[in-house]
Amino acid sequence: MNRFIVINNCLVNVRHIVMAVDEADGTTAFHLDNGEVLHTQSSPELDDALMGIKHTVGIIPVRGLNAIMDDGSRQFQLPVRYLELTADGSCYPLDTHGDDPHWNEDYGFIGLVEAPDKR
């Protein structure tokens, strides 16, 4: 599966990035396999995109798990049906990640726990 990031309004396939170098002036230089070097302002968002954070690479069906969530005033549990595997190796409950663009602003994902047995 190809993964692309935007560098200076250019869509770049991460497979073509040979090296990324943080420069002293606060920019990042991306050395591509064709010899081209792209310079752009460094940022945590750029680092996350390069590392594949929040880039989905797989969906895993699960049973018997709850996500512990926090809305700022209380913690609560939600049942999880699918886990999202991201390129950086992290897993997130798919039910809490992406359907609502403001979900991660309003609710914080804390972790996963085994759901209580309903017998």
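The values are calculated or read from the model by the stated rules, or taken from the named source; none is laboratory data. Keep in mind the model is a prediction, meaning the values are calculated, not measured. A quick note on method: Cβ atoms are made from the backbone with ideal geometry, for glycine too, and the neighbour counts reach across all protein chains shown. All accessible areas refer to the heavy atoms of the entire protein, side chains included, with ligands and DNA or RNA removed. Shrake-Rupley method; radii C 1.70, N 1.55, O 1.52, S 1.80 Å.
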If you go through region 27-35 one residue at a time, do you hit one that is of a type in the set (Phe, Trp, Tyr), open to solvent by less than 70 Å² (accessible area, probe 1.4 Å) and within 24 Å of Ile110 (Cα to Cα)?
no
Step by step: first the residues of region 3-20, then only those that are open to solvent by less than 40 Å² (accessible area, probe 1.4 Å) and part of a strand (DSSP E or B), then the one that is farthest from Val57 (Cα to Cα). Which residue is that?
Ile7
Pairing a residue in region 22-43 that is closer than 15 Å to Val6 by Cβ with any residue that is among the small types (Gly, Ala, Ser) and surrounded by 11 or more Cβ atoms within 10 Å (Cβ to Cβ), where Cβ atoms lie under 8 Å and the two sit 6 or more apart in sequence or on different chains, gives Thr28/Ala20; Thr28/Ser42; Phe30/Ala20; Leu38/Ala29; His39/Ala29
Please verify whether region 59-81 includes one or more residues that are outside any strand (DSSP E or B), farther than 18 Å from Gly108 by Cβ and basic (Lys, Arg).
no
